[in-house]
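The values are calculated or read from the model by the stated rules, or taken from the named source; none is laboratory data. This structure is a prediction, so every number in the text was calculated from the model and none was measured. Note: ideal-geometry Cβ built from the backbone for every residue, glycine included; neighbour counts use all protein chains shown.
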Amino acid sequence: MGFKTDAIHAGQEPDPTTGAVTIPIYQTSTYVQEGIGKHKGFEYARTQNPTRMALERNMAVLERAVAGYAFASGMAATTSITHLLLKQGDHAICGENVYGGTFRLFDKIVKHYGVEFTYVNTSNLSDVERAVRPNTRMVFIETPTNPLMAIADIQAISDIAHRGKCRVVVDNTFMSPYFQRPLELGADIVVHSTTKYLNGHSDSVGGVVVLKHKEDAERLQFIQNAAGAILSPFDSWLVLRGIKTLPVRMEAHNANGMAIAKYLAGRKEVQKIYYPGLPNHPGHDLAKKQMTGFGGMISFDLGSREHAGKFLETVKLCSLGESLGGVETLISHPATMTHASVPAEERARMGITDGLVRISVGIEDVEDLIADLDRAFGK
Ligand SMILES: *Cc1c(COP(=O)(O)O)cnc(C)c1O
């Protein structure tokens with residue numbers, strides 16, 4: 001089936017008892033059993049829940065995976081991946097520009113279990129190649145990166161990693177499977193914060209992992225149950241509902257994103273703009289090759305903290321806030337918000353300046369968004 005059909009139907013049969021067209025929220029902790037060892041495949045709701053399992057099947061189909069597992073947050077999902085792939089004495093490679101919470105998890109928690117991490121610029125293949133060791137078991141990448149929208153070559157990195165016994169994990173939160181399917185490009189595991197585009201309405205926190213290999217999937221299912229960071233039935237239902245409109249929303253984010261990127265590129269106040277859809281973006285050709293759209297995330301540099309501060313205080317329709325991927329436009333200041341935990345000199349080296357502003361373009365009328373930005377530039 002086509003992606004739009006799968007987004008609406010995959011993993012979701014009409015309810016067998018009532019015919020309900022929408023999968024119910026199975027708000028139960030346990031299931032009655034007929035006799036010893038006689039049950040309908042459902043024993044306890046941490047282990048099996050029909051609403052959560054519908055979301056997991058749906059995501060596996062959309063990402064072309066063998067299975068998917070839903071977690072209480074994107075970070076819970078990534079934590080479970082570290083349980084799957086890493087043990088004491090192992091080495092892992094991670095993009096230097098990944099989501100701040102991912103870096104915090106690896107650097108402040110997983111490292112203390114005796115796992116060594118090397119952080120590299122994953123847009124530079126020779127840097128990735130040079131970082132590989134005999135005991136490297138995971139390469140974790142985000143593409144496009146946050147907030148500078150650098151593109152990493154998923155196929156080439158997978159080829160490098162697969163020379164050894166190493167899995168490639170891609171955080172696909174920014175693109176969603178509608179615009180990018182890393183497993184088809186050679187990656188082994190995909191993780192999402194469903195909080196962002198998949199749910200899409202800024203009203204739920206969750207995460208999902210989908211996997212290419214059956215043995216990884218079986219082990220992750222064991223970890224999901226054993227460690228227990230499952231997504232609730234209600235949140236699973238919200239994400240399923242969000243995914244039904246993922247294709248139309250992503251098209252709208254992409255169209256508005258392109259229009260606003262072009263608008264920003266024409267403003268003299270903007271010193272630098274980061275959007276993979278613009279031909280002068282260094283990753284533009286690669287983006288065109290491995291993505292089918294450029295999405296709605298844009299960063300731009302206003303030159304100083306003072307300029308950024310004034311701008312962010314003046315916009316009205318674009319709400320100042322962390323997070324992204326919702327129908328409403330959100331605007332943020334990476335240096336003091338999402339990337340505040342990164343040391344200042346490290347931020348400067350990567351290009352996350354005090355004048356940098358990040359915008360998650362929503363699906364409002366683009367004329368209204370541009371009028372709001374225009375007003376802010378006017379001040
Ligand atoms: C938000 C986000 C996460 C973390 O997800 P939570 O649902 O907030 O735990 C991970 N990766 C990226 C790219 C994100 O934007």
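Observations on the model:
- Test for residue 360: is it in contact (Cβ under 8 Å) with a residue 24 or more places away in the chain and surrounded by 22 or more Cβ atoms within 10 Å (Cβ to Cβ): yes
Rundown of residues vs (1) at pLDDT below 95; (2) within 21 Å of residue 262 (Cα to Cα); (3) not β-branched (Val, Ile, Thr), yes/no style:
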site	(1), (2), (3)
338	yes, no, no
342	yes, no, no
348	yes, no, yes
359	no, yes, no
379	yes, yes, yes
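- Of residues in segment 273-293 being in contact (Cβ under 8 Å) with a residue 60 or more places away in the chain and within 23 Å of residue 376 (Cβ to Cβ), the one surrounded by the most Cβ atoms within 10 Å (Cβ to Cβ): 275
- For residue 191: the one exception among (1) farther than 27 Å from residue 127 by Cα; (2) within 12 Å of the ligand (Cβ to nearest atom): (1)
- Residue in segment 237-244 that is assigned to a strand (DSSP E or B) and among the aliphatic types (A, V, I, L, M) present: no
- Checked against the criterion of being of a type outside the set (Phe, Trp, Tyr) and more than 16 Å from the ligand (Cβ to nearest atom), the candidates 264, 324 yield just one match: 264.
- Being in a loop (DSSP other than H, G, I, E, B) and within 15 Å of the ligand (Cβ to nearest atom) is true of residue 204.
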